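Here's the structure we're looking at; comments come further down.
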Amino acid sequence: MGKPQKKKSLADKVRRTKTTTEIKNNPFEVKINRKKFEVLGRKTKHDVGLPGVSRSKAIQKRKDTLLKEYKQKDKSNKFIDRRFGEYDTKMAPEDKILKRFALERQRTNGKKDIYNLNEEEELTHYGQSLSEIEKFNDALDSDSDSEEKGLLSAELTASHFGGGGGLLRKKTAGEKGSEDGQKPKSRQELIEELIIKSKQEKRERQNQKEEAQELTEKLDQDWKSIQFILSKKPPKSEAKEDENKPKLEEYDMMVRELGFDMKAQPSEKMKTPEEVAREEKERLHKLEADRLRRMQGDVEESKSKKQVHWSADDLNDGFILDKEDKRALSYQDGKWNIEEELEKEKEGEEGDDDDDGDDDEEEEGESGQEEESQSDAESEDENDGSDEEEEDSHSDLDSEQDSEGEEEQTPKPSSSVSEEEQLAQQEAAKAELPYTFTAPESYSDLKSLIHGHTPEKQCLIVERIQKCNHPSLAVGNKLKLQKLFGFLLEYLGELATRSPPELGTINKLIPQLYGLCQLFPDAACKAMQTVLGDSAHEMEEAIEVKGRASFPGLDMLIYLKITALLFPTSDFRHPVVTPALMYISQALTKCPVTTLEEVTSGLILCCLALEYVTLSQRFVPELINFLLGILHLAVPVKQSLGYTVVPPFRPVGKNCDLLVIRSAEGAESWSRKTLPLSGVQGLSFLSEVERDHYRLSLLATCLDLVKRSVLLYKSLSSFDHIFQPIRILLTKHLPVESCSTHIKDLHQEVLVSVSGAPTLQPPLVFDKKKPIPLKLFTPKIVEVLDYGKKRGSSKQERERERLKHKYKKEFKGALREIRKDTKFLAREKLTEIMSRDLERKRKVKELFGSLATQEGEWKAMKRRKK
Amino acid sequence: MATSTSSNVNVDEPEGVANKSSKKDINNKVDLVINNRKHANYVFDILEYLQADKEKDVVCAVNACNKLFCALLKRGDLFVGQLPSEEDMLSAEHSAEQKYRMFMRHRYNSCTDLLLELMHHESFQVKEGALLTLMKFVTMEGKFPLLAVDWEEHYHFPRELLKAVVGQLLSEKEDMALLISRFQEFLEMEDVRYYVMSSVSDSVARVMEKAKGVALPVYQGNVFLLASSVCMPSKEAELSNFLVKQAAKQEDWKAAKFKEHRRAFERMWLCFLKYKLPSSMYKKVLVILHDSILPHMSKPTLMIDFLTAAYDVGGAISLLALNGLFVLIHQHNLDYPDFYKKLYGLLEPSVFHVKYRARFFHLANIFLSSSHLPVYLVAAFAKRLSRLALTAPPAALLMVLPFICNLIRRHPACRVLIHRPSAPDEPCDDPYLMEEDDPAHCHALESSLWELQTLQKHYHPDVAKAAMAINKPLTEEEDDISELLELSAYELFERGLKQKEKQAVPLEFEVATQLLGGSGGVLGAHFSLE
């Protein structure tokens, strides 16, 4: 250990002599840390190291600290250097010396008498020169108030002493004066007087204080007695005034408590009917906006996509690895949320305005009332009743609370009237129908449940099934009701296929179906899709075999109509509506028209197609083709047409004059009336005139549809070309002279709207391209972690990981330092021992030397004696 | 001998036992005839059975004839050479042996006549039996020829018999589809095929001459069935399957030569197509023309007349003729004047609705793929197609929209159709003339494809999206329309159903209260719940 120690010390010595630049330029001193690769923009601290320098620095630091401590070990005394700036490392030594010198000079400067060696320094106590204070033998009153301890305020000194030196002078003057008048008071007396005075004052002050305290205590007690009364409405300001200084914490606590205390809060304001209506309007607005967005389709979606981070390596080829899976605000959710809110509001104000808004929630609310009234009348189904009653009791509670501060509620008379009606209806129904129904497990179950009842009762039964099996009541209920939708749909189909079709019943069941659909959109969607898919498959098979198909039956027409009722028809793409439109289109192009029944179903399909696109104003070529074909059927002379009909219609053929009016008599006596939907299933006419009437009705319908579609497609750029064939047909070929005025008017109307001036179109140009923004290399901000890879997912985990890493690093560093310290200390100890040994050796040698000299001298003396 | 026949006929048996006993009877008699010449007269009984009323008897008799005459042919018990008439036979001097043979040969002839008649029997089983027996006879005759060979190198094949069979197959009154498909197995044989083909052409020539230009749908249907079931070999080396093996010089036989086969095939078809065909037949022929007729003809160019005639007919027939014409133009250097003009003329609204839509657009795509076409022509096609697209069903639209875009891509000068920046905001009437037949004069280049703009509002989302393509500059690479060609409406429908909706299904927010309400109430305005 000795050798390297020496070497090091030698190196240190050399280093100390040299300047830093010299060291840095010396290649033997520099250690370069080789990097594997350069990272652009990263600053490195440790690329060049000066190991010698840093080692000597470390040693120096240890010498300054550790070594000192070691030396001070086991020593209780401490030497503290009080010299100016002794431990101030920032100060330059020259400055220190200068400052010290200046201070020294200042001190000596203030001497009064250069010859007075004793009074070299003026000693002070609390800023007063001791030399001056010493002259009065009474020091400060030791038992004076702790509040004013040691403070010789000007006031005090003035009252008591007249202040310092002044007092002395006064005193002397007073003495002189008193000497003149009466017997002058001695100094002793004066002081005693003063003492008494001050004691008196003190006592007075104490008394005052005690009184105040008593008063506050009394007040406190008073307060406590009335605290309960005032618990709701604390006169805060008063309390504050009362409780001033004493018991600060207690007071604070109480204030806080009061702050947190329950106060009677004003409940939410009652909604006026206008407000409710406005909310309903807003809700509808929102839904409408949502619908429009879906109508625009994906085009808009892509536009609204927000800017994402662009890497510098991005080729701008649109290739993105990770997709944004952000779920857009779902329509359904929005709806339900809103409805729930509405429901809550309704709970709060039940009975106030039931007839506002035509939501199905309202229906529920009403039915709730019904149920309640029923439960009054007789024992009721438990599930049902308790549910509703609970709601009611809540609302009661609310209203009670409300009534404290708010205006009174005014129940409207209208609701009670409706209630009564409902009650009466219920009474009538009660006679026969049970109130609970198990959910049907199969279609035949449902049929047996509703079989033989009137449409109204069937409706009621379905409603009760729905209520008894509400999803919130039991686990399996959701599935049961989902099935119910399918069964109901099947039932409607069956009703439509009966002859005559029971369309009235279907009509009654529509609200039920709608309600179920709202509850289970997915199940409804699936059920509808299966119905459509099966029918389309059938049609496709017929087409493959025969090359044509027959028109879908009334049940399918009803299903298509129901689709339009349950699902939004204006969506750009919809899982049910789009296939349904495809189905209609397929039927309109592939089914040849050979009978009047088929004309009827074709026209129904046209109506449906038109309904589907009324909102979205989308173009359905098949619709125009079919209407043209139908009109073509009414053209008596099929020569030199000037237009071409599209399959399934043929320019000439055996069924091509299906709608030609046979007799003038029939044409004249016709009057417009709506067609029966059951006409699809079969028509029977008593006479040819009646047949002609039917033909004319079909023709009128067709013309009206043409009119509607003309209005719908007016804005399309190829409007002229789309309606060109129809225009030719109407102007040149269709005989309307003999028909009644209604047809003539309709014909004229359509003709006018179709043959307006040809619309002029600007030539097509591409969409204006948005200028591509300059690529900005926005830095990708990545959290810099002081440990390697990113581990852990959550923030806490990452923080934990970071701390763990830091701890480890610090631990290692500390260990290393400790090791170095011990090494240093050992070295120091060794040098100490060595130096001690050396000293001892030297001393021993010395002793030996002196002894030897002594011995020598003694021998010499002995020799000399001899 | 003929005198003794009447005594031996005892067919008037009681009806009850007829079935089993007649079968036994027939079989007994066949055995007797074969084994002993004494009982030769039983042949008459057997032939009598061929005309019986009962189906089963007839079938038995057919089988018996098959057995009997095959055995006789094998034994050489039938007279060979020019057969004298029966009267001559009696009067002339012949040995008993020869007389027997002549007698048997006469019976054989009458048997084949009867069998040929039976080919029109109402029962298919009988028909089939007769056909098979006749073909068996053809085989046996090929092996044991009945014609006297006057020189060594004569190729013997029972041409006459086969011709008679073919003549019966090509009936003028009856649809022989089933029998012809049964017959197809014999057409595998090279020699049978060859002789059938030549007999078909003879028959057609004869029958159609007689009809004098009037179409005979049934006959022509039969001819077409038979002709189209001829399956030609593609190479000479494949000619190895013969019904009749020739003793000498097999290679020199006409039926063994591939070239002769092709010639016969060609003659047959030309003969058939020379006469006026009903339109359904036209379509049938045109459908198979390009891949089962043209490749096997020695001179396909001979079809030009037929094809151009068909091309001029118009409608679906023209569309179908296009395929054959394409082969001729493509492989045989046919120069067709005004081809594109006619192609342009074919574009009618029905083009999107006919069954052969995929085939037509496939070919149109090929015809219009040339980059050397004049711009006005391509523009005219694009414009006309987009005008017609206004009446097309969605499945066709999904195909025709990329088709139009491809046209514009191939001919960048056509870009003005969708992008005319020179005169923006200057509304004008469409200068395109739909009625003009000549693409050169229809002013398509001065127009824009507003129809596609209209179709952007189409109800089907995919169509609307496809039409949106013209809003932006078209991409460089062409759309692949080969998959879209066959897209059917039902496939499109199913695609719509299978589309997985990630979000919840949107619902109508307007509360439905009645069946006929909602969305404008168009249905409610015209129809009532009755």
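Take each residue in A:666-675, count the other chain C-beta atoms within 10 Å of its C-beta, and the mean is 1. Accessible-area loss of 50 Å² or more (1.4 Å probe, protein heavy atoms, chain alone versus all protein chains) is found in the stretch B:448-481 for B:Trp450, B:Thr454, B:Lys457, B:Tyr459, B:Pro461, B:Lys465, B:Asn471.
The residues of the stretch A:491-520 listed by number as losing at least 20 Å² of accessible area in the complex, against the isolated chain and with a 1.4 Å probe, are A:Leu503, A:Asn507, A:Ile510, A:Pro511, A:Tyr514, A:Gln518. Computed with a 1.4 angstrom probe on protein heavy atoms, the A-B interface buries about 8000 square angstrom of accessible area in total.
Over the stretch A:690-742, what percent of the accessible surface lies on carbon and sulfur atoms, probe 1.4 Å? It is 54 percent, rounded to a whole number. Anything over 30 Å Cα to Cα? Flag those among A:Lys467/A:Lys673; B:Lys74/B:Lys163; A:Lys526/A:Lys590; A:Lys561/A:Lys590, in the order listed. Result: A:Lys467/A:Lys673 exceed 30 Å. Between the beta carbons of A:Val765 and B:Phe339, assuming R0 = 41 Å, the FRET efficiency works out to 0.75 to the nearest 0.05. Separation of the stretch A:476-531 from the stretch A:819-866 is 119 Å, based on Cα centroids. Think of the stretch A:689-819 as a dipole: +1 on every Lys or Arg Cβ, -1 on every Asp or Glu Cβ, centred on the Cα centre; then among A:Leu760, A:Leu774, A:Ile743, A:Leu774 lies furthest on the positive end.
Checking every one of the chymotrypsin sites (Phe, Trp or Tyr not before Pro) in the stretch B:375-458 against DSSP loop status and a limit of 12 other Cβ atoms within 10 Å picks out no site at all. Residue separation of A:Glu832 and A:Lys457 scaled by 0.36 nm, minus their Cα-Cα distance, works out to 123.7 nm of gained length. For B:Lys212 and B:Asp113, what is the calculated FRET efficiency with R₀ set at 22 Å and r taken between the beta-carbons, to the nearest 0.05? Efficiency, rounded to the nearest 0.05: 0.15.
Sort out for me the Cα centre separation of the stretch A:567-586 from the stretch A:29-56, rounded to whole Å. Centre-to-centre (Cα) distance: 71 Å. As a rough guide to protection, the peptides A:669-676, B:263-270, A:274-281 ranked by mean Cβ packing within 10 Å, highest first, stand as B:263-270, A:669-676, A:274-281.
Distance between the modelled labels on A:Lys43 and A:Lys99, one decimal in nanometres: 3.1 nm (7 Å Cα→Cβ projection).
Take the alpha-carbon centre of the stretch B:108-137, take the same for the stretch A:643-699, and report the distance between them in whole Å. Each part reduced to its Cα centre gives a spacing of 56 Å. How shielded is B:387-396 by partner chains, expressed as the average number of their Cβ atoms within 10 Å of its Cβ atoms? Other-chain Cβ atoms within 10 Å of each residue's Cβ, averaged: 6. A Cβ-based charge dipole, computed about the Cα centre of the stretch A:469-542 with Lys and Arg at +1 and Asp and Glu at -1, lands at about 520 debye. Could you calculate the FRET efficiency of A:Ala277 with A:Glu749 from 1/(1 + (r/R0)^6), where r is the beta carbon distance between them and R0 is 30 Å, rounded to 0.05? E(calc), rounded to 0.05, equals 0.20. What average number of partner chain Cβ atoms lie no more than 10 Å from the Cβ of the residues making up A:568-577? Taking all residues of A:568-577 together, the mean is 5.
The values are calculated or read from the model by the stated rules, or taken from the named source; none is laboratory data. If you're wondering where the values come from, they're calculated on a predicted model, not measured in any experiment. Every residue, glycine among them, receives a Cβ derived from its backbone with ideal geometry; neighbour counts consider all protein chains shown. Heavy atoms of the whole protein, side chains included, go into the accessibility calculation; ligands, DNA and RNA do not. Shrake-Rupley method; radii C 1.70, N 1.55, O 1.52, S 1.80 Å.
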